[in-house]
């Protein structure tokens, strides 16, 4: 989201006003707001995925958000999603004593909202990129069903296996295409695997499924030879507060055709990271 100003004396940041509140508000139709259509929900999921790809593609170390939930996804006047609340995000690295020499992680006391927190993070204290994948899966299940997060995985699994998937789709979202809904449900359940090794990566696996869906919903025909070009840059205001200093860094990340990921198109998100 756009950083408008700051007040160093009170350690306060001022951001753009987001009239549609949080995704949690909109899923609950708070203040009699209209429900989100299934088209919009798919677009929001793809936008969130692209934001997380951006964080995890950070070099030399990935960044884990650590507290993904609908309450931390804000919506502007056009229902474009803005990922917020980076209060417990962490820069990941391969540390001694890790169960995997190649997995970047941060060992810490588990934090976040329980129903969205990676079970392996709760037991091991290791925050990894796959921790955000688990939280994303729960959010995706909520977008599909509109149901509360507690127990949602088991409820959806039962409906899928008993061929009653249509019964748990959120009717407020409109007439879900059943084949598309099933593909989304299977993706979400993979993200919610208890063992993080069985979860897909945001890039390329999750993105490869969500991006064509988003493009199809917007009536975009992707040619077989067409190349998806990312925006020329992303702006990320970062506030560093610690010890005896407080200052702000403004980063502009430039991309070229070799930048990973290569096929993010028309991604709309802003990040404000607090470390």
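What follows draws every value from the coordinates through simple rules; no lab data is involved. Nothing here was measured: the structure is a model prediction, and the numbers come from that model. We place every Cβ from the backbone using ideal geometry, glycine too, and count neighbours over all the protein chains shown.
At a glance:
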{"quantity": "Alpha-carbon centroids, segment 33-61 and segment 196-218: separation in whole Å", "calculated": "10"}
{"quantity": "By average C-beta atoms within 10 angstrom, highest first, the peptides 64-73, 202-211", "calculated": "64-73, 202-211"}
{"quantity": "Peptides ranked, highest mean first, by Cβ atoms within 10 Å: ranges 118-131, 17-30", "calculated": "118-131, 17-30"}
